[in-house]
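Notes for the one structure printed next.
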C-alpha cells in the first residue's frame, strides 16, 4: 500500500461515520496486538484548550530529553500532523505500512459480521502502532470528542488525566447541559491515577471532583488566585504561578496562563511518577511551545492574526483577548465556520468589533457553512460584510481594507486556517 492508497483507505472509512463507543476500536486493537498497552499516556479532554495544554506538556517533556508522542485533531497544515514524535510528523512510509495492517484487520472484522472501524478509530490505532514502534517514553493524547466513549479512551495505562476548559459544544453527541457534557468528558478518569484540571465553572469542578473520588484519583485544579504578575503583549507574555515567577509563554491569548499552569501541574505530577523534568527544561519548554491557530501572528504588515475560535466559550475568550492585546486597533475580520457550530452566538459577540468582515467557505468539508449564508448571519450585527469566493480573494480584500494601520483577524474553523496561512505567505511573496 502506498501513502496515497493509505489516505484513500482512511478517507473511505469516513462512510462509517463517527460512532461513539469502544467496542469496535477495542476489537481492532486486539487484532493488532494491543500496542496501546505498552505505552504510558497523558490523556487530555475538554472543549477549548486541549491542544494548547498538549503542546506545552509535550514540548516540555521533549526539552527534558524524553521521546514524546503527540496525537492531535483537527490538523491545520497536513494530514500527518496528527501523529508526531518529538514534533516530527509521522513519515508517509509509516502511514502506508501501518494502514495496510489496519486495513487487513478491518476486512477480517467485516467478513466476521462485525462493524468496520471508523476513520477516527483507524487513525487512533495507527497512532498507537507508530508510538509503540518508535518506543515513546510517554504519549500526550488528545480526545477527539467527549471522553467516556471516545476511541482514545481504550487506553488503560494513563498516568495523568487532564481537563482543559469544559463548555458547550457537540451538544448533539455529548448532552444538552454543561453537567451532562462534563460527565461524558470525566469518563477518561482512571482508577488510582492523578487528575489535573484548568480553572472550571463550579458545576464542572463538582463533577470532575466527584468522578475523581469515585475512582480513588487525586484531583488538582488551577486556581485563578494563584496566577499573578501577568505581563501581556504581542511581543512578550509571562506570569507567576504559585512559587514559580517569570514563566514566559510561547503562545498568545488570555486563556494561555491557565493552560500553561495546568501543564506545569502535569509536569509536577509526572515528576513524582518517575518522569523528572529539570526546572530549566520546564521554563524553556513553556517559552518554546508553538501552537498555530491559537491567536497566532502570521504577518506583521499588516498585523495578521489567526485563531481557531469556533464555539461559544472560545468566542468569549477571543473577545477578551482582542481587548487585552490590540485595544483601539482598526479590525478587519475573515470568518469561516462549520454549519453545525453556534455561529450566530459567535457573530453576536465578535462581529460588532470589526470595521469590515469578509466571510469564506471552509474548503473540502461537508459541514462547511457557505460564505453567503455566513454573511447573512453576520449582517444583523455588522452590515459591513461581504462573502468572498475563495480564501485568496478574502485575504486580498482584507489586506486592502486593513491598509497600513489596521489589523486582520481570521477566525472560526481550524480546518481552513492552513489554506489561509498559505495564501497569506504566497501574497507576501
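Since every read-out is calculated from the coordinates, none of them should be taken as a lab result. Keep in mind that what you see is a predicted model, and the values were worked out from it rather than measured. Cβ: placed from backbone, ideal geometry, glycine included. Neighbour counts: every protein chain shown.
Contact order, relative form, for the chain: 16 percent (alpha carbon pairs under 8 Å, 6 or more residues apart, mean separation divided by residue count). Distance between the modelled labels on residue 223 and residue 324, one decimal in nanometres: 2.0 nm (7 Å Cα→Cβ projection). Peptides 201-207, 362-368, 144-150 ordered by packing proxy, namely the average of other Cβ atoms within 10 Å per residue, highest first: 144-150, 201-207, 362-368.
Between residue 177 and residue 349, the modelled labels are 2.2 nm apart [label points 7 Å from Cα along Cα→Cβ]. Beta bridges from DSSP with both residues in the chain: antiparallel share about 30 percent, rounded to the nearest 5. Each residue, residue 379 and residue 101, gets one label point 7 Å from its Cα in the Cβ direction; the gap between the two is 5.5 nm.
With all pairs of different C-alpha atoms in the average, the Kirkwood value for the hydrodynamic radius of the stretch 230-324 is 14.4 Å. Relative contact order of the stretch 296-428, taken over Cα pairs closer than 8 Å and 6 or more residues apart, is 35 percent.
Can you give the alpha-carbon Rg of the stretch 147-222 over 2.2 N^0.38 Å, where N counts its residues? Could you put the intermediate results ahead of the total?
Working: Rg = 11.5 Å, N = 76, 2.2 N^0.38 = 11.4 Å.
Ratio of Rg to 2.2 N^0.38 Å for the stretch 147-222: 1.01.
A full extension of the chain between residue 234 and residue 426 corresponds to an added length of 66.8 nm, given 0.36 nm per residue minus the alpha carbon distance. When the helices of the chain are scored as -39500 (n - 2.57) per DSSP H run of n ≥ 4 and the total is divided over every residue, the value at 222 nm lands at -12500 deg cm²/dmol.
On a C-alpha basis, how far is the centre of the stretch 177-191 from the centre of the stretch 333-377 in Å? Whole number, if you could? Computed from Cα coordinates, the inter-centre distance equals 30 Å. Judged by the gyration tensor of its Cα atoms, with axes a ≥ b ≥ c, the stretch 296-428 is rounded; a/c sits under the 1.5 cut.
Which of rounded, prolate or oblate describes the stretch 334-404 when judged by the alpha-carbon gyration tensor and an a/c cut-off of 1.5? Oblate is the answer for the stretch 334-404, as a/c is 1.5 or above yet b/c matches or exceeds a/b.
Assign one of three labels to the stretch 57-183, namely rounded, prolate or oblate, based on the Cα gyration tensor with a ≥ b ≥ c the square roots of its eigenvalues; rounded applies when a/c is under 1.5, prolate when it is not and a/b is larger than b/c, and oblate otherwise. Note, shape of the stretch 57-183 comes out oblate.
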